[in-house]
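Note sheet for the following structure.
The values are calculated or read from the model by the stated rules, or taken from the named source; none is laboratory data. All values reported here derive from a predicted model rather than from experimental measurement. So basically every Cβ, Gly included, is an ideal-geometry build from the backbone, and we count neighbours across all protein chains shown. When the accessible area is computed, the model is the full protein with side chains, heavy atoms only, and any ligands, DNA or RNA have been set aside. Shrake-Rupley method; radii C 1.70, N 1.55, O 1.52, S 1.80 Å.
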Amino acid sequence: MSADQVQDEKKQGQALLTDIRPENTKKVYIESYGCQMNLNDSEIVAAILADQGFNTTHLMEEADLVLVNTCSIREKAELTVRKRLEKYNAVKRINPKMKIGVLGCMAERLKEQFLEEEKMVDLVVGPDAYRDLPHLIEEIEAGRDAVNVILSKEETYADIAPVRLNTNGVSAFVSIMRGCDNMCTFCVVPFTRGRERSRDPESIIREIGELAQQNFKEVTLLGQNVDSYLWYGGGLKKDFDKATAEAQQNAWDFADLLDRCATEFPKLRFRFSTSNPQDMKEDVLETMAKHNNICKYIHLPVQSGSSSVLQRMNRQHTREEYLALIDKIRNIIPDCAISQDMITGFCGETEAEHEETLSLMDYVKYDFGFMFAYSERPGTPAEKRMQDDVPEAVKKRRLNEIIQKQQASSLYRMQEMVGKTMEVLIEGDSKKSNLHWMGRNSQNAVVVFPKTGTETVGDFVLVQALECTSATLLGNKC
Ligand code: SF4
């Protein structure tokens, strides 16, 4: 591929891809589903493959290798992947040289079964085995199927600089840890992503430094449970007590990492996800309050407003403890936006327990949320030990009730911001009009305002909010 072609490719995909190498002759197409961790993992995969002669393309038809990074959190997510596999195989019938691979949580959950069951894939790779891709690709290029779904206690891909995919060139994800040690009974993550391990903070700082040099303006620190971040020279969190006194003394927790990032990169804005109510400490809130460049927004999943349901979910906190944390957040950071994850219709959920979820939402008045009906997942403690006994119609009705309640709270929170002047990071054109910019304020609210010709993507500008919907603030640049 000539340098001009690369320039054209870059010009085409400027806003989409980084690191197109002229010497690379093969193309990989990566489709990602699920959480932000998966999006970031796809960027790590793209980097590993770039060293193996692959450039990333957004045109599936021209790809030598098609990879789908999968989610297993709900049945619907897996059905989506099965439909995509049919699509890829239809393209493969036109281009038989093409190889197809499945990555991520569904690959980890189904393992070899995927190859036996689905004669539609050549490659199955779990979230901790992406370093093995070069060897696995040799296997499939030699006509053999290839699988690696080994979970690791060390792997954090700390030394790999991700290739930014689908990026707006303004905000990027940086993973700080992998896996989860909690065992929420409805969740597949501990089985598909393994034990918790934190990443070396110096490698995190290095990656953020590279992003700053590439003129990125916002970084989201990622982990299944960022509040559980703990670095003491490598090793699992559960073994911390066995570490030397010196190692314990010099350990980094999440507040230390957040403080260092905000201090070292004052021109960058920081977000993080996902927090966990049972592990969130006050020093994280103090650190957020101390730094203007740490966004005043926390995604704090609750899953249910009922202590009895939380107990069946094996969530290590009660309704009361969660509400006390909400009060503490609002006390230390009065303008902090809070969002939630909620599951309705969990095993045995009564109408009274559902009402407790509604009343908790009345109390918190979340800025926004992600709400789903319980979807039983194979292999989870809930599937093994509990009955998925709430009828689908009841689940649906309860889900509609909490979605409506959330929409009312979102509008209420947005209306509170009308009239205020706020700092907005411009991410790009508004979806509805290219005469308007779209960006986000510190509270992660979407703000849309008319272009004035003196600002561009990546600028921080002051905007006064004049009106709103439940999802968007509309205003003018000051
Ligand atoms: S904290 Fe619970 S819900 Fe979240 S990833 Fe871990 S096990 Fe799953």
Filtering the stretch 185-203 down to residues that are of a type outside the set (Ser, Thr, Tyr) and open to solvent by less than 10 Å² (accessible area, probe 1.4 Å), which residue is farthest from the ligand (Cβ to nearest atom)? Pro201
Filter the stretch 166-184 down to the residues that are of a type in the set (S, T, N, Q) and within 16 Å of the ligand (Cβ to nearest atom), then identify the one that is surrounded by the fewest Cβ atoms within 10 Å (Cβ to Cβ). Asn182
When you scan the stretch 436-448, do you find a residue that is among the charged types (D, E, K, R), in contact (Cβ under 8 Å) with a residue 24 or more places away in the chain and crowded, with 16+ Cβ neighbours inside 10 Å, even just one? no
For Ile160, are the conditions met, namely being more than 18 Å from Thr274 (Cα to Cα) and free of Cβ contacts under 8 Å to residues at least 40 places away in the same chain? no
Out of the stretch 142-160, which residues are in contact with a Gly (Cβ under 6 Å, 6 or more places away or on another chain) and away from the ligand (no atom under 16 Å from the Cβ)? Val149
Restricting the stretch 217-230 to residues that are open to solvent by 10 Å² or more (accessible area, probe 1.4 Å) and either free of Cβ contacts under 8 Å to residues at least 60 places away in the same chain or within 21 Å of Gly34 (Cβ to Cβ) (or both), the one farthest from the ligand (Cβ to nearest atom) turns out to be Thr220
Only one of Glu356, Glu383 is assigned to a helix (DSSP H, G or I) and touching a helix residue (DSSP H, G or I) at 6+ places or on another chain (Cβ under 7 Å); which? Glu356
If you take the residues in the stretch 296-311 that are within 13 Å of the ligand (Cβ to nearest atom) and not in a loop (DSSP other than H, G, I, E, B), which one is nearest to Leu221 (Cα to Cα)? His299
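Within the stretch 141-150, which residues are touching a helix residue (DSSP H, G or I) at 6+ places or on another chain (Cβ under 7 Å) and surrounded by fewer than 19 Cβ atoms within 10 Å (Cβ to Cβ)? Before the answer, list the steps.
Of the residues in the stretch 141-150, the ones touching a helix residue (DSSP H, G or I) at 6+ places or on another chain (Cβ under 7 Å) are 145-149.
Within the stretch 141-150, Asp145, Val149 meet the criteria.
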The listed residue being touching a strand residue (DSSP E or B) at 6+ places or on another chain (Cβ under 7 Å), closer than 29 Å to Glu78 by Cβ and not assigned by TED's automatic domain parsing to the domain that holds Met361, out of Ala471, Ala465: Ala471
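Determine which member of the set Val163, Val124 is surrounded by 21 or more Cβ atoms within 10 Å (Cβ to Cβ), within 27 Å of Glu376 (Cα to Cα) and either away from the ligand (no atom under 16 Å from the Cβ) or of a type outside the set (Gly, Ala, Ser) (or both).
On the way: Val163 fails: within 27 Å of Glu376 (Cα to Cα).
The unique qualifying residue is Val124.
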Any residue in the stretch 196-212 that's within 21 Å of Ser228 (Cα to Cα): show its pairings with residues that are among the basic types (Lys, Arg) and open to solvent by 10 Å² or more (accessible area, probe 1.4 Å) at Cβ separation under 6 Å, as long as the two are six or more apart or on different chains. Glu196/Lys237
For Arg206, work out the one condition from (1) touching a helix residue (DSSP H, G or I) at 6+ places or on another chain (Cβ under 9 Å); (2) away from the ligand (no atom under 16 Å from the Cβ) it doesn't fulfil. (1)
Among (1) surrounded by 19 or more Cβ atoms within 10 Å (Cβ to Cβ); (2) at pLDDT 95 or above; (3) out of contact with any Gly (no Cβ under 9 Å at 6 or more places or on another chain), which single condition is Lys281 missing? (1)
Give the residues of the stretch 231-252 that are open to solvent by less than 30 Å² (accessible area, probe 1.4 Å) and within 19 Å of Val174 (Cβ to Cβ), sorted by residue number. Gly234
